[in-house]
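The structure appears right after this line, and notes come after that.
The values are calculated or read from the model by the stated rules, or taken from the named source; none is laboratory data. Because the structure is predicted, anything quoted here is derived from the model rather than measured. No Cβ is skipped: glycine too gets one built from the backbone with ideal geometry, and neighbour counts run over all protein chains shown.
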C-alpha cells in the first residue's frame, strides 16, 4: 500500500497513515482506505481497528491542491464519495478507534468523527477551518460535529474556523480521553486490546444498536452538504480563499 501501513497484533489492526508532510486526505488516500476496510472486514484475525497518523499530524485536512482541479459537479461527487466512506466507517461491524496527535483538521477531523472512539493528546488541534478558505465542510462535518459538541459550539467552531485543543475536546465530548504524546498510542492500543477480547458477535450487535441513536436526518443533511460543497467552489471567495491558502497569505474576501 502507498499511504497506509498495517500491523496486526493480538486481534488489533493498527493502521498508520503516512502521507507527509500533513497526511492530507487526497482522493487516492480515501480510495486506498476504502480498499483497506474491505480487506480487514473479511479478516477474522482482526477484531478492532486503530487509526493514527505518522509524523507531526493525525491528518491536517483534505488535499487543498485537488480543489483547484475539479468543477462543481466533480467537487460534489468527491464530497459524496468521502461522506459514503466515512458513513461506512461509522457503520463498520468492527470497532474503529482514532488516536489523534498534532492536528485533526477539516477532513482529518471528519475522519476521526466517523470512528467509534476518539483519543487525543491534550495539545492536539481539532477543528473544521473550511470557512477560512471560503468553502464549507464536505465529508459530513457539518452533520457530525453538532452531535458531539452541541449546535452552539459547532456553530462557533465552524464560523470562526478556530480549532479546540484535545483537552477542550474532551470537555465538549468530542474525544473520549486525552494523554501525553508518549502515552497516546500505547493507551489506544491497550483500549483496543481490551475491546478485542470481547465476543465479536456481541460487539457487532452493540455497534448496530448504537446507530439507532443517530439523527434520522443525517443522510439528508449530508447529501445537501455535498451539493453546497460543490456550489461554493464557483464563488469568487472560494477561489480567493484556496489561492490564499496555497500562497500562504490571508484571504481577502469580497463577496457579501
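Annotations
- Screening the candidates 126, 131 for the property of being in contact with a strand residue (DSSP E or B) (Cβ under 7 Å, 6 or more places away or on another chain), in contact (Cβ under 8 Å) with a residue 12 or more places away in the chain and under 23 Å from residue 82 (Cα atoms) yields one hit, 126.
- Filtering segment 189-199 for residues that are over 19 Å from residue 120 (Cα atoms), within 19 Å of the chain's Cα centre (by Cα) and surrounded by 13 or more Cβ atoms within 10 Å (Cβ to Cβ) leaves an empty set.
- Taking segment 167-176 as the range and being crowded, with 18+ Cβ neighbours inside 10 Å, outside any loop (DSSP other than H, G, I, E, B) and touching a helix residue (DSSP H, G or I) at 6+ places or on another chain (Cβ under 9 Å) as the test, only 169 passes.
- Selection count, segment 209-218, where residues are part of a helix (DSSP H, G or I), touching a residue at least 40 places away in the same chain (Cβ under 8 Å) and more than 11 Å from residue 90 (Cβ to Cβ): 0
- In summary, strands (runs of 3 or more DSSP E) completely within segment 53-158 and bearing 3 or more residues that are touching a helix residue (DSSP H, G or I) at 6+ places or on another chain (Cβ under 7 Å), crowded, with 24+ Cβ neighbours inside 10 Å and at pLDDT 95 or above occur at 96-100, 117-121.
- Comparison of 17, 49 shows that the only residue that is surrounded by 13 or more Cβ atoms within 10 Å (Cβ to Cβ), in contact with a strand residue (DSSP E or B) (Cβ under 7 Å, 6 or more places away or on another chain) and within 25 Å of residue 242 (Cβ to Cβ) is 17.
- Scanning segment 35-52 for residues being assigned to a loop (DSSP other than H, G, I, E, B) and either touching a helix residue (DSSP H, G or I) at 6+ places or on another chain (Cβ under 6 Å) or at pLDDT below 95 (or both) gives a total of 2.
- Of residues in segment 219-238 being surrounded by fewer than 17 Cβ atoms within 10 Å (Cβ to Cβ) and assigned to a loop (DSSP other than H, G, I, E, B), the one modelled with the lowest pLDDT: 234
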